[in-house]
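Asks: Input: one structure, supplied below.
The values are calculated or read from the model by the stated rules, or taken from the named source; none is laboratory data. Quick caveat: nothing in here was measured; it's all calculated off a predicted structure. FYI the Cβ positions are ideal-geometry reconstructions off the backbone, even for glycines, and counts take in every protein chain you see. SASA here: full protein model, heavy atoms, side chains in, ligands and nucleic acids out. Shrake-Rupley method; radii C 1.70, N 1.55, O 1.52, S 1.80 Å.
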Amino acid sequence: MSTDDLGLADLRLADFRPRSSLRVPFHEVRRPKVPVIDAHNHLGPAFGGDWATRPTAELIATLDESGVEMVVDLDGGQGDELSAEIDRWQVAYPDRVAVFAGLDYDSWATDPAFGDTEASRLRDSARRGARGLKVWKILGLRARDPDGRLVAVDDARLDPLWATAAELDLPVIIHIADPIAFFEPLDPTNERVEELLAHPDWHFWPTRPANAPDAPGFPPFDELLAAFGRLVARHPRTTFVGAHVGCAAEDLRLVGRLLDENPNLSVDIAARLGELGRQPYSARAFFMRHTDRILFGVDMAPDPDIYAIHYRFLETFSESFDYGTELVPGQGRWQIHGLGLPDDILRKVYRDNARRILRLGPP
């Protein structure tokens, strides 16, 4: 029987559903070995799915079911929006939810003193009860100044903001780049082609030549990471958490160097199980070396099934399992392998590091 007879000659990638023939042990972990702090999540209307409208008690029940004692909500925003988010979550459940403020990137295009303005707004956010600041990848990739130029990650005009965060002792969770494939041509060699076809606004291409800020195109990935390193080094009193494994989960040597060179920098693992789990030897060594600088987080709406996959990855030596719950992998067509971390490291990654680094206090 030919492939034509089977209807496979023109099989589309979107229809390909391989079923593994491996016969390996299945390790299900529905609850973590120690209580968890989800240090990177979203509960607001923009990124938090339906949690913005569901009864708040349902969130607490979900966290309890999953062994999560606290979640960091990065959707605070500014002003009245921030106050509303704090009232909904942090005031109602002060020991379960910590709300972080945000920035007003659009206003930079008409405000020559946008760095000072954001510093002032951060003071207001702190007075309203914000527990930290979330900086999104709009910085460096989309936000522009009054002259129409992209604002660089290490733009000196933002120095007042970072200095104010240090003065107020507010940690900064910062996301300044996406996976390397997002900065490469969209062709048959791009390993994230399905994801980028589904989300074309995530594709930062074409890139401009390195160190040519006025040339057309997006900054290259390596230039963004270099600017991030300069920013963190220039503000040693400011606590930075590089979201998504320092925004370079595919290059753990680079992230490791940044951590070695900057004691004020830590990273979270949010939304990067797909990257960490396909390099389990390198990832395990990374966790063992940087035990005190890694925070747990998922960056997906709180869900027991999502948490269970993360626990399985961190706690067991499971082989070749899916890093998500969707039928087709959301990031790339591969599976992941567990790290089997020791209990003392799990305790730090799951909980202790977040309490110390994010100033969340004792349980």
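Asks: Can you tell me which residue among Ala249, Ala308 is within 17 Å of the chain's Cα centre (by Cα) and within 30 Å of Ser21 (Cβ to Cβ)?
Replies: Ala249 is the lone residue from the list that is within 17 Å of the chain's Cα centre (by Cα) and within 30 Å of Ser21 (Cβ to Cβ).
Asks: Can you name the residue in the range 152-169 that is touching a helix residue (DSSP H, G or I) at 6+ places or on another chain (Cβ under 6 Å) and open to solvent by less than 20 Å² (accessible area, probe 1.4 Å) and is also nearest to Leu225 (Cα to Cα) among such residues?
Replies: Val153
Asks: Checking the structure you have, find out if any residue of the range 315-322 is outside any loop (DSSP other than H, G, I, E, B) and under 18 Å from the mean Cα position of the chain (by Cα).
Replies: no
Asks: Right, something else. Out of the residues in the range 132-151 meeting the condition of being free of Cβ contacts under 8 Å to residues at least 40 places away in the same chain and open to solvent by 30 Å² or more (accessible area, probe 1.4 Å), tell me which one is nearest to the chain's Cα centre (by Cα).
Replies: Step by step, filter the range 132-151, then rank; the result is Trp136.
Asks: Working only within the range 126-137, note down all residues that are assigned to a helix (DSSP H, G or I) and under 12 Å from Gln90 (Cβ atoms).
Replies: If the condition is that a residue be assigned to a helix (DSSP H, G or I) and under 12 Å from Gln90 (Cβ atoms), then Arg128 is the only one that fits.
Asks: Separate question: Somewhere in the range 47-67, is a residue buried (at least 23 other Cβ atoms within 10 Å of the Cβ), of a type in the set (A, V, I, L, M) and under 19 Å from the mean Cα position of the chain (by Cα)?
Replies: no
Asks: Which of the residues belonging to the range 118-131 are at negative phi and open to solvent by less than 40 Å² (accessible area, probe 1.4 Å)?
Replies: Scanning the range 118-131 gives Glu118, Ala119, Leu122, Ser125, Ala126, Ala130.
Asks: Quick check: anything in the range 177-186 outside any loop (DSSP other than H, G, I, E, B), surrounded by fewer than 21 Cβ atoms within 10 Å (Cβ to Cβ) and over 23 Å from the mean Cα position of the chain (by Cα)?
Replies: No, because not a single residue in the range 177-186 is outside any loop (DSSP other than H, G, I, E, B), surrounded by fewer than 21 Cβ atoms within 10 Å (Cβ to Cβ) and over 23 Å from the mean Cα position of the chain (by Cα).
Asks: Give the range 320-351 a look and list any residue that's in contact with a strand residue (DSSP E or B) (Cβ under 9 Å, 6 or more places away or on another chain) and surrounded by 15 or more Cβ atoms within 10 Å (Cβ to Cβ), or say none.
Replies: Passing the criteria: Phe321, Asp322, Tyr323, Gln335, Ile336, His337, Gly338, Ile345, Lys348, Val349, Tyr350, Arg351.
Asks: Further, regarding this structure: When you look at Leu196, is it more than 28 Å from Asp159 (Cα to Cα) and either within 22 Å of the chain's Cα centre (by Cα) or not hydroxyl-bearing (Ser, Thr, Tyr) (or both), yes or no?
Replies: yes
Asks: How many of the residues in the range 301-319 are surrounded by 22 or more Cβ atoms within 10 Å (Cβ to Cβ) and either modelled with pLDDT under 95 or out of contact with any strand residue (DSSP E or B) (no Cβ under 9 Å at 6 or more places or on another chain) (or both)?
Replies: 1
Asks: Out of all the residues in the range 96-117, which are in a helix (DSSP H, G or I) and open to solvent by 10 Å² or more (accessible area, probe 1.4 Å)?
Replies: Selection gives Tyr105, Asp106, Ser107, Ala109, Thr110, Asp116, Thr117.
Asks: From the list Asp214, Asp147, Asp159, pick out the single residue that is over 22 Å from Leu74 (Cβ atoms) and not in a loop (DSSP other than H, G, I, E, B).
Replies: Asp159
Asks: If only one of Val151, Val172 is under 25 Å from Arg359 (Cα atoms) and modelled with pLDDT of 95 or more, which one is it?
Replies: Just one listed residue meets the conditions, Val172.
Asks: Can we say Leu346 is within 16 Å of Glu275 (Cβ to Cβ) and touching a Lys or Arg at 6+ places or on another chain (Cβ under 9 Å)?
Replies: No, not satisfied.
Asks: Sticking with this structure for a sec: Are any of the residues in the range 194-207 outside any loop (DSSP other than H, G, I, E, B) and of a type in the set (Ser, Thr, Tyr)?
Replies: Yes, that holds for at least one residue.
Asks: Just the residues that are free of Cβ contacts under 8 Å to residues at least 60 places away in the same chain, over 13 Å from Asp178 (Cα atoms) and within 22 Å of the chain's Cα centre (by Cα), please, taken from the range 201-241.
Replies: Across the range 201-241, the qualifying residues are Ala226, Gly229, Val232, Ala233, Pro236.
Asks: May I pose another question? Take the range 242-261 and flag every residue that is touching a residue at least 24 places away in the same chain (Cβ under 8 Å), open to solvent by less than 10 Å² (accessible area, probe 1.4 Å) and either on the phi > 0 side of the Ramachandran plot or not small (Gly, Ala, Ser) (or both).
Replies: Hits for the range 242-261 are His244, Val245, Cys247, Val255, Leu259.
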